[in-house]
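Below is one structure, written out as structure tokens; comments come after it.
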Amino acid sequence: MEQFKHHVSLHKDGTYSVGVSIDQGYMTPDDFAVLSELAKKYEVTSLMATTAKKINFMDVKEANVNPLWEDLEQTFGDRLCFPKGKIIVCPGSKFCKFATPGKDNHAMGREIERISKAHEAGKVKVGVSCCLLGCAMPRVRDLGVLATAKGWMLTVGGNGGSKPGVGDVIAQDLTDEELLALLDKVYQYLQDNKDGKERSIRTIERLGVDHLKAAVLGE
């Protein structure tokens, strides 16, 4: 097996899926045309839009994985998103009439991506929504970030897997700076306390949400 440039998933037939996140899923018609041409170039027969707003090249041959990544990097550059985990954003203030004025969840998503790269907290899924309707489903993500009229709300410990759960609110009415500082502490907490590849909800179940709050809020 080759050493791949970025994470890919192995399929049962020996091919791979390459998941591409471009500007958190908000792309131009020209972007889609480029992805189509790359799919044809590398003989990919299926593309899939994912719940994380990625485009997956679904049946990439092993020898084509790295060349495909190189073409994607050359074409899209800094527009590619590579968080450790998944960061999912809602349509936000540019499109949605319900979005909280003055809150930019796309910019916040990029900042959270930066924080995620600075830690080894495992697979942390984050939902970032511009209002309490929560179209990015933040309350069932490992971390949920929601905009309100008074500031940002942060939830922890949500899960949509085999044992679904709703995250606990640990802080509200946060400024951008306060939210990012708190997220940095939460990522560090998960890095310090997770047991192997344990998901964050299991870490919080094992230690209790009060243990996390004491560590990151000083309570």
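Annotations
One line per residue, one yes/no per condition, for (1) touching a Ser or Thr at 6+ places or on another chain (Cβ under 8 Å); (2) under 23 Å from ALA107 (Cβ atoms); (3) polar (S, T, N, Q):
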residue: SER9; (1), (2), (3): yes, no, yes
residue: THR15; (1), (2), (3): no, no, yes
residue: ASP23; (1), (2), (3): no, yes, no
residue: ALA33; (1), (2), (3): no, no, no
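- Test: GLU177 is out of contact with any strand residue (DSSP E or B) (no Cβ under 8 Å at 6 or more places or on another chain) and modelled with pLDDT under 95: no
- Residues that are open to solvent by less than 10 Å² (accessible area, probe 1.4 Å) and at pLDDT 95 or above, drawn from segment 190-215: LEU190, LEU212
- Some residue of segment 180-192 being out of contact with any strand residue (DSSP E or B) (no Cβ under 8 Å at 6 or more places or on another chain), among the charged types (D, E, K, R) and more than 20 Å from PRO83 (Cβ to Cβ): no
- Contacts under 6 angstrom Cβ, first residue in segment 33-59 being among the polar types (S, T, N, Q), partner in a strand (DSSP E or B), 6 or more apart: THR45/ASP59; SER46/MET58; SER46/ASP59; THR50/ASN56; ASN56/SER17; ASN56/GLY19; ASN56/MET48
- For segment 195-206, the condition holds for at least one residue, the condition being that it is more than 21 Å from the chain's Cα centre (by Cα) and in contact (Cβ under 8 Å) with a residue 40 or more places away in the chain.
- Strands (runs of 3 or more DSSP E) fully within segment 12-83 counting 2 or more residues that are open to solvent by less than 50 Å² (accessible area, probe 1.4 Å): 16-20, 55-60
- LEU154, sole failed condition from (1) modelled with pLDDT of 95 or more; (2) touching an Asp or Glu at 6+ places or on another chain (Cβ under 6 Å); (3) under 18 Å from ILE88 (Cα atoms): (2)
- Checklist (1) of a type outside the set (Gly, Ala, Ser); (2) open to solvent by 20 Å² or more (accessible area, probe 1.4 Å); (3) more than 23 Å from TYR26 (Cβ to Cβ) applied to TYR187, failing item: (2)
- Any chance THR175 is hydroxyl-bearing (Ser, Thr, Tyr) and either surrounded by 15 or more Cβ atoms within 10 Å (Cβ to Cβ) or touching a Pro at 6+ places or on another chain (Cβ under 6 Å) (or both): no
- Residue in segment 168-191 that is among the acidic types (Asp, Glu) and over 21 Å from HIS119 (Cα atoms) present: yes
- Taking residues in segment 123-136 that are of a type in the set (Lys, Arg), and partners anywhere that are assigned to a strand (DSSP E or B), the pairs with Cβ atoms closer than 6 Å and at least 6 places apart or on different chains are LYS123/GLY85; LYS125/GLY85; LYS125/LYS86.
- Looking only at segment 97-122, and only at residues there that are free of Cβ contacts under 8 Å to residues at least 24 places away in the same chain and closer than 15 Å to LEU183 by Cβ, the one that is nearest to the chain's Cα centre (by Cα): ARG114
- Verdict on LYS94 being open to solvent by 20 Å² or more (accessible area, probe 1.4 Å), in contact (Cβ under 8 Å) with a residue 24 or more places away in the chain and closer than 30 Å to THR175 by Cα: no
The values are calculated or read from the model by the stated rules, or taken from the named source; none is laboratory data. All values derive from a computational prediction rather than experimental measurement. Cβ sites come from the backbone with ideal geometry, for glycine too, and all protein chains shown count toward neighbours. Side chains included, ligands, DNA and RNA excluded: accessible areas come from the protein's heavy atoms. Shrake-Rupley method; radii C 1.70, N 1.55, O 1.52, S 1.80 Å.
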